[in-house]
Amino acid sequence: MRYKELKINFRTPSTEERCDIAVAELAEMGFDSFSPEGDALSAYISFAEYDKYSDRIEAFRREIAPEADTELCDMDDIDWNSVWEADFSPIEVSDDCVVRAPFHSAPDVAYDLVIMPKMSFGTGHHATTCLMLRHILEIDVEGLDVLDMGSGTGVLAILAAKRGARHVDAVDIDEWAAENAKENVADNGVAGIVDVALGDAAFIGGRRYDLILANINRNILLADMPAYAASLAPGGRLIVSGFLGVDCDILADKALSLGFRESKRTDSDGWYSILFERV
């Protein structure tokens, strides 16, 4: 698969939050892999996705021009395994949970999550993934039926399975992500617990869950929350992330209108997660 690379060089020292905002914006335009380095960010998009989003991408470049120089160039076929081996370092989520790639040595922890991310989102490097992983570590998921919506690499579903979930549906709209998640689920020995599916919120119609995990973005969360409410058992929990502080009250108001109660709000590097309970 051929890719284009968008190079962004901020002319003033960029904060991690500014880089995260750029990543979030570009992810909604079809970019599926990112490599930050100092005051620069490289983002990658397939030719097919670029053709769909070219107008929005060029508008983004014009909007960011006052603070950054950008360059868009074609790339040869990429060996993504080599890219990740160079850039992916193990993440210590907690004292007993580590996210690592297969080429890293195995740590002595209770939850060793082996993830080959390829072009899917969810390694623990991004604040939102880490927030979600910490939620799963803090709550009791033993025997629960769980939904991981927008599952990416499948890392949240894998941790839920290792924490004792009865069954987990891991659903993503991206075919590449779904295939990547299947590989990661198998590599972590939880294929008998986690089912990976290609789809969107329509997939969960008629299904029932005790816990729903959704690390996506504000707009999709707002659109899909009624489906989550319809599928969540009374007393069940909904944990969401993938948004900034300015979005929290908007999401909380929507959840309240659907019969949820906010239980916990956490943040990291400007990104937020909220745990809701079904009343």
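The values are calculated or read from the model by the stated rules, or taken from the named source; none is laboratory data. None of these values were measured; they are calculated from a predicted model. As a convention, Cβ positions derive from the backbone with ideal geometry for all residues, glycine included, and neighbour counts pool all protein chains shown.
Of the candidates V155, V185, V190, the single residue that is assigned by TED's automatic domain parsing to the domain that holds A233, in contact with a Lys or Arg (Cβ under 9 Å, 6 or more places away or on another chain) and of a type outside the set (K, R) is V190. Sub-9 Å Cβ pairs linking a first residue in the stretch 205-216 that is under 13 Å from L131 (Cβ atoms) and at pLDDT 95 or above to a second residue that is of a type in the set (S, T, Y) and in a loop (DSSP other than H, G, I, E, B), at least 6 apart or interchain, are L213/S151, ordered by first then second residue. The condition of being under 17 Å from the mean Cα position of the chain (by Cα) and among the polar types (S, T, N, Q) holds for only one of S273, S257, that being S273. Cβ separations smaller than 9 Å between residues 6+ apart or across chains give the following pairs from the stretch 57-77 residues that are in the same structural domain as N9 (by TED's automatic domain parsing) to residues that are among the β-branched types (V, I, T) and modelled with pLDDT under 90: I57/I45; E67/T12; A68/T12.
When N184, N219 are checked against the criterion of being surrounded by 15 or more Cβ atoms within 10 Å (Cβ to Cβ) and at pLDDT below 95, N184 stands alone in meeting it. Of all residues in the stretch 32-43, those that are buried (at least 19 other Cβ atoms within 10 Å of the Cβ) and at pLDDT 85 or above total 2. Determine, yes or no, whether R237 is surrounded by fewer than 16 Cβ atoms within 10 Å (Cβ to Cβ) and either among the polar types (S, T, N, Q) or part of a strand (DSSP E or B) (or both). So R237 does not fit the description; no.
Among the residues of the stretch 240-249, those that are free of Cβ contacts under 8 Å to residues at least 40 places away in the same chain, under 14 Å from N215 (Cα atoms) and either part of a helix (DSSP H, G or I) or touching a Ser or Thr at 6+ places or on another chain (Cβ under 6 Å) (or both) comprise D247, C248.
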